[in-house]
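Everything on this sheet refers to the single structure shown next.
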Amino acid sequence: MQISSKDFETKTAEELVQWTIDRYGLQAGLACSFGMEDMVLIDIIAKLKGPITIFTLDTGRLHEETYQIMDRVRSHYGLEIKTYFPNLEQVQKLVREKGFFSFKESIENRKECCGIRKVEPLNRALGELDAWVTGLRRDQAVTRTETPKVLEDGDHPPLVKINPLADWTQDQVESYIEQHKVPVNALHKKNYPSIGCAPCTRPIEPGEDIRAGRWWWENPEHKECGLHPRN
Ligand code: SF4
């Protein structure tokens with residue numbers, strides 16, 4: 001079936017998740033970094049009782065709080081989380097040659113680190129799937145304003161990428177979490193609206209963009225780690 005993003009624009013998040021479950025089942029995977037959007041999607045998946053794969057990338061540089069929410073998801077929802085780690089030899093080579101903080105030195109070095117710790121494991125995870133689900137939203141960043149709800153993923157053909165929350169606002173995400181008593185990452189209370197690796201994420205100040213704390217030393221248009229090159 002040819003995917004036309006227009007056909008999905010009016011579908012709700014629940015309808016899109018149900019469509020994903022019906023069409024792909026365990027061959028669809030939710031890529032989860034345990035931010036608020038991912039927790040909303042986990043809650044929707046749990047309520048729909050869908051068989052769908054939930055996976056995460058453990059870069060080796062995550063916050064303690066992120067590991068805690070992973071375990072909370074297991075106990076609260078009884079869901080299994082598939083964890084993908086970076087290639088050991090690539091990490092050893094990077095650290096041996098450039099140290100533990102090379103990503104602060106240039107965009108190239110930052111992309112190299114994200115490539116090893118995130119993109120390669122993501123590609124391995126996606127290699128086992130036919131479709132992937134993400135918590136991307138259009139108003140998260142200037143790099144995400146055109147995000148369709150469903151698209152043929154040109155970066156990972158022949159995968160289909162599903163973004164059920166593409167048209168949600170931050171307020172909608174927070175309301176859902178409150179209304180459904182969804183457990184969340186403790187970092188949010190410490191002013192981290194966007195969750196990433198510990199050394200590359202800082203709390204934001206009042207009035208700052210919600211992704212201002214990610215790679216804060218870079219320009220906004222560079223602030224993607226390579227997981228979502230073209231939205
Ligand atoms: S976010 Fe930072 S530590 Fe994590 S993979 Fe990217 S550059 Fe490396």
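The values are calculated or read from the model by the stated rules, or taken from the named source; none is laboratory data. Quantities reported herein were computed from a predicted structural model and do not represent experimental measurements. Neighbour counts run over all protein chains shown; Cβ positions are idealised from the backbone, glycine included.
Some points to look at:
- Summed over region 45-80, the residues that are under 23 Å from residue 113 (Cβ atoms) and part of a loop (DSSP other than H, G, I, E, B) give a count of 5.
- Filtering 133, 160 for residues that are buried (at least 23 other Cβ atoms within 10 Å of the Cβ), among the β-branched types (Val, Ile, Thr) and more than 29 Å from residue 100 (Cα to Cα) leaves a single hit, 133.
- Residue within region 140-150 that is under 15 Å from the mean Cα position of the chain (by Cα), surrounded by fewer than 20 Cβ atoms within 10 Å (Cβ to Cβ) and more than 10 Å from the ligand (Cβ to nearest atom) present: yes
- Residue in region 104-111 that is touching a residue at least 12 places away in the same chain (Cβ under 8 Å), in a loop (DSSP other than H, G, I, E, B) and among the small types (Gly, Ala, Ser) present: no
- Taking the listed residues 49, 104, the one that is within 16 Å of the ligand (Cβ to nearest atom), among the basic types (Lys, Arg) and modelled with pLDDT under 95 is 104, with no other qualifying.
- Per-region count, region 1-38, residues at positive phi and within 17 Å of the chain's Cα centre (by Cα): 1
- Within the set 57, 41, 26, the sole residue that is hydrophobic (A, V, I, L, M, F, W, C), more than 16 Å from the ligand (Cβ to nearest atom), crowded, with 17+ Cβ neighbours inside 10 Å and modelled with pLDDT of 95 or more turns out to be 41.
- Selection status of residue 198, farther than 12 Å from residue 137 by Cβ, within 16 Å of the ligand (Cβ to nearest atom) and not β-branched (Val, Ile, Thr): yes
- Scanning region 47-87 for residues being of a type in the set (Asp, Glu) and touching a Leu at 6+ places or on another chain (Cβ under 8 Å) gives a total of 1.
- Annotation note: Cβ proximity below 9 Å between a residue of region 113-138 that is more than 26 Å from residue 168 (Cβ to Cβ) and aliphatic (A, V, I, L, M) and a residue that is at pLDDT 95 or above and within 15 Å of the ligand (Cβ to nearest atom) (sequence gap 6+ or interchain) occurs for 116/59; 116/86; 116/87; 116/90; 116/91; 116/93; 116/94.
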